[in-house]
Amino acid sequence: MGYILQLDRDLFYFLNTQLTASILDFFMPFITSKANFVGVIILSWLIIFIMGKQRDRKVLIIVVLAVLMSDLAANTTKYLIQRGRPCNVLTDVRILVSCTQSFSFPSGHAANIFAAATYLSYNYRRYSIIFLVIAILVAYSRIYVGVHYPLDVIGGSIFGIMGAILFIQLDKWLVPVVVSWSKKRFSNAQS
C-alpha cells in the first residue's frame, strides 16, 4: 500500500507542479468552482423541467438523486478514511484555490460530476462525449488546483459511476413495475 500511496504522491506532484500552463492556471480554478455553474445549472434545470417532456423531467429528478447519493457516500467515506488533502500535508504544492481542512479521499467533486455525467450519458447517448469530457475536466481540475490526489479523483469517479449505475438499474426495474401496477389498477377500475 505504501508503494501505491507514494506513486499517488509522485503523480500528484507531476500533474500539479510540472504539467502546467498559464491558461490552465486560469481555467482550472474556474471549472473546479461549483459556484460558477450553480446559476446555469438551476436555470437549465428549471427550463427543462417546465418545457421538457415527461422523460426529461424524470431524468432531471433522478440525476439530482444520483448526485446527492454519491455526495453522501463520498463524504461518509472521507470521514472513515480521513486522508489529509495534499494542500494540507505536502510541501511545494501549487494551490490555486482555497484549501479546506476537510478530508481528501474520495473527491466529492469527482463523485458528483461522474454521477451526473454517467446517468445523463445513459439517457442522452449522443451527448455522452460532452458529458464525459466535462466530468474528466472537473475531476482533473481538483488535482491541478492542488486539493486532491489522483487516487482521490479516481475513487470519487468510481463512487459517482457506481451511484449512477444503481439509479439506472433502479429505473430499469422500477418503471416496468409501476407501469404494470398502473395498468392492473386501471383495468380493475374499468371492470
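If residue 10 satisfies all but one of (1) free of Cβ contacts under 8 Å to residues at least 60 places away in the same chain; (2) within 18 Å of residue 136 (Cβ to Cβ); (3) loosely packed, with under 14 Cβ neighbours inside 10 Å, what's the number of the condition it fails?
Answer for residue 10: the failing condition is (2).
Can you name the residue in segment 84-126 that is β-branched (Val, Ile, Thr) and under 11 Å from the mean Cα position of the chain (by Cα) and, of all such residues, is farthest from residue 32 (Cα to Cα)? Steps first, answer last, please.
Our first condition is that a residue be β-branched (Val, Ile, Thr); within segment 84-126, this holds for 89, 91, 93, 95, 97, 100, 113, 118.
Cutting the leftovers down to under 11 Å from the mean Cα position of the chain (by Cα) gives us 113, 118.
Working: 113: 11, 118: 19 Å.
Ranking the candidates gives 118 first.
Residue 144: farther than 19 Å from residue 45 by Cα, more than 12 Å from the chain's Cα centre (by Cα) and not polar (S, T, N, Q), yes or no? Steps first, answer last, please.
Working: farther than 19 Å from residue 45 by Cα: yes; more than 12 Å from the chain's Cα centre (by Cα): yes; not polar (S, T, N, Q): yes.
When the stated conditions are applied, residue 144 passes them.
Mind checking which residues of segment 20-43 are surrounded by 13 or more Cβ atoms within 10 Å (Cβ to Cβ) and outside any helix (DSSP H, G or I)?
The answer is 20, 33, 37.
Scan segment 61-88 residue by residue and report those that are touching a Gly at 6+ places or on another chain (Cβ under 6 Å) and aliphatic (A, V, I, L, M).
If the condition is that a residue be touching a Gly at 6+ places or on another chain (Cβ under 6 Å) and aliphatic (A, V, I, L, M), then 66, 69, 74 are the ones that fit.
Take residue 119 and decide whether it is of a type in the set (Phe, Trp, Tyr), crowded, with 23+ Cβ neighbours inside 10 Å, farther than 23 Å from residue 48 by Cβ and in contact (Cβ under 8 Å) with a residue 60 or more places away in the chain.
Working: of a type in the set (Phe, Trp, Tyr): yes; crowded, with 23+ Cβ neighbours inside 10 Å: yes; farther than 23 Å from residue 48 by Cβ: no; in contact (Cβ under 8 Å) with a residue 60 or more places away in the chain: yes.
Against the criterion (of a type in the set (Phe, Trp, Tyr), crowded, with 23+ Cβ neighbours inside 10 Å, farther than 23 Å from residue 48 by Cβ and in contact (Cβ under 8 Å) with a residue 60 or more places away in the chain), residue 119 does not qualify.
Can you name every residue in segment 124-137 that is of a type outside the set (Ser, Thr, Tyr) and surrounded by fewer than 24 Cβ atoms within 10 Å (Cβ to Cβ)?
Taking segment 124-137 and keeping what is of a type outside the set (Ser, Thr, Tyr), we get 125-126, 129-137.
Within segment 124-137, 125, 126, 129, 130, 131, 132, 133, 134, 136, 137 meet the criteria.
Do the conditions hold for residue 56, that is, is it farther than 30 Å from residue 22 by Cα, buried (at least 18 other Cβ atoms within 10 Å of the Cβ) and either at pLDDT 95 or above or among the acidic types (Asp, Glu) (or both)? It would help to see each step written out before you state the result.
Details: farther than 30 Å from residue 22 by Cα: yes; buried (at least 18 other Cβ atoms within 10 Å of the Cβ): no; either at pLDDT 95 or above or among the acidic types (Asp, Glu) (or both): yes.
No: the conditions fail for residue 56.
List the residue pairs whose Cβ atoms are under 6 Å apart, where the first residue sits in segment 33-47 and is modelled with pLDDT of 85 or more and of a type outside the set (Gly, Ala, Ser), the second is assigned to a helix (DSSP H, G or I) and surrounded by fewer than 10 Cβ atoms within 10 Å (Cβ to Cβ), and the two are 6 or more positions apart or on different chains.
The qualifying pairs do not exist here.
Got a number for residues in segment 131-151 being under 26 Å from residue 7 (Cα atoms), assigned to a helix (DSSP H, G or I) and not aliphatic (A, V, I, L, M)?
5
Within segment 44-130, which helices (runs of 4 or more DSSP H) (wholly inside it) include 2 or more residues that are of a type in the set (Phe, Trp, Tyr)? Quick ask: steps written out before the conclusion?
Numbers: elements: 54-81, 86-89, 108-123.
Fully inside segment 44-130 and qualifying: 108-123.
The values are calculated or read from the model by the stated rules, or taken from the named source; none is laboratory data. Here the structure is a predicted model, which means the values were calculated and not measured. Cβ sites come from the backbone with ideal geometry, for glycine too, and all protein chains shown count toward neighbours.
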